[in-house]
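The values are calculated or read from the model by the stated rules, or taken from the named source; none is laboratory data. Treat the numbers as computed from the prediction; the structure is a model and nothing was measured. When we count neighbours, we look across all protein chains shown, and the Cβ atoms used for this are built from the backbone with ideal geometry, even at glycine.
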Amino acid sequence: MSQMQRAADVLRRSKKIVFFSGAGISAESGIPTFRDKLTGLWAKHDPQRLETADAFEENPALVWGWYLWRRHQVSGAKPNPAHLCIPRFQDAGWEVSVITQNIDDLHERAGSLDVVHVHGSLMDAKCFACHRPGELTPDQLRVAEEGQLIEPPRCDHCNARLRPGVVWFREKLPEDAWRSAVRRVRECDLLISVGTSGVVMPAAGIPEMALAAGAAVIHVNLEEVGLVGADEIMLKGSAGVVLPALLRAAGAEAIPDHHSC
Ligand code: APR
């Protein structure tokens, strides 16, 4: 039996599915993954160095400019067939949640209803000092040119700098989001992990958490990921091809074709 047939069998036997996504799911929308080399003016920066509280303290205008540029990149991107396919599983009768490490909003724009962002969101800002959420005016969201230094706006409450509402290296995940994610993982029958290198903890532990709770796990990735158990299945290929193929293999192709999935 092929891996796709095994996956389709598991899918047919499942009721509650969690999609656990990483940067690879947005790659086909033109958003570079974390482990891709940066191009253009950003090529001289290491994202792992820009995405820390220390970097923000050292050079807030550089880090704020980097996130505004990424926000601009995301607002110009469209959900791809992988994002668009996930709500089709909902339409076909499965109970679907998405847990994403991504800070873009492409799952929401594709129509997924239940999306948990464990690494925060590019669309949010919060105060670097008092952590209250910050509101940004359209002017403060003006298009950043690549590599531009932009001084962050100030907090209305304490006048400290606003920072992006994302999780940086060495920071804790937002407690509410993490709790919601863990609950969904423990309750699911099947976890489909899509486009993640699985190296950044604690989120990278989610597939193992699902296995430990008795769920099956399907990995969708361009590259082989190390499988540890009999309940894991690897579907190698691009998410935008593999997810629609999985839906069809499970016999759900008869649903109306209102998305280009
Ligand atoms: N389809 C499927 N998989 C893909 C595709 C694609 N079209 N393109 C790339 N991939 C896979 C790559 O093979 C890789 O395994 O997606 C994965 C992307 O890995 P990373 O760049 O490490 O992204 P991610 O796993 O989301 O990173 C985790 O690291 O930098 C931090 O906080 C950041 O949330 C991020 C976390």
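How many of the residues in segment 3-19 are touching a helix residue (DSSP H, G or I) at 6+ places or on another chain (Cβ under 9 Å), of a type in the set (A, V, I, L, M) and either assigned to a helix (DSSP H, G or I) or modelled with pLDDT under 95 (or both)?
4
How many of the residues in segment 126-171 are touching a strand residue (DSSP E or B) at 6+ places or on another chain (Cβ under 7 Å) and either under 26 Å from Gln101 (Cβ atoms) or basic (Lys, Arg) (or both)?
Going through segment 126-171 one residue at a time, the tally reaches 16.
Within segment 89-99, can you find the residues that are of a type outside the set (Gly, Ala, Ser) and touching a helix residue (DSSP H, G or I) at 6+ places or on another chain (Cβ under 6 Å)? Full working, then the answer.
Restricting attention to segment 89-99, the residues satisfying the condition of being of a type outside the set (Gly, Ala, Ser) are 89-91, 94-96, 98-99.
Within segment 89-99, Val96, Val98, Ile99 meet the criteria.
Sort through Gly22, Gly93 and tell me the only one that's at pLDDT below 95 and assigned by TED's automatic domain parsing to the domain that holds Val199.
On the way: Gly22 fails: at pLDDT below 95.
When all the criteria are applied, what remains is Gly93.
So which residues in segment 193-222 are at positive phi and within 15 Å of the ligand (Cβ to nearest atom)?
Start the filter on segment 193-222 by keeping residues that are at positive phi, which leaves 195, 198, 214.
Gly195, Gly198, listed by residue number.
Tell me which strands (runs of 3 or more DSSP E) are completely within segment 106-192 and hold 1 or more residues being among the charged types (D, E, K, R) and within 16 Å of the ligand (Cβ to nearest atom), or say none if there are none.
Details: elements: 115-117, 120-127, 162-166.
The strands (runs of 3 or more DSSP E) meeting that bar are 120-127, 162-166.
Looking at Ser197, Ser238, which one is of a type outside the set (Lys, Arg) and in contact with a Ser or Thr (Cβ under 9 Å, 6 or more places away or on another chain)?
On the way: Ser238 fails: in contact with a Ser or Thr (Cβ under 9 Å, 6 or more places away or on another chain).
One residue alone meets the criteria, Ser197.
I need the full set of residues from segment 223-240 which are among the aliphatic types (A, V, I, L, M), modelled with pLDDT of 95 or more and within 8 Å of the ligand (Cβ to nearest atom), in order please.
Within segment 223-240, the first condition is being among the aliphatic types (A, V, I, L, M), and the residues that meet it are 225, 227-228, 230, 233-235, 239.
Retained after the next criterion (residues that are modelled with pLDDT of 95 or more): 233-235, 239.
Residue satisfying the conditions is Ala239 alone.
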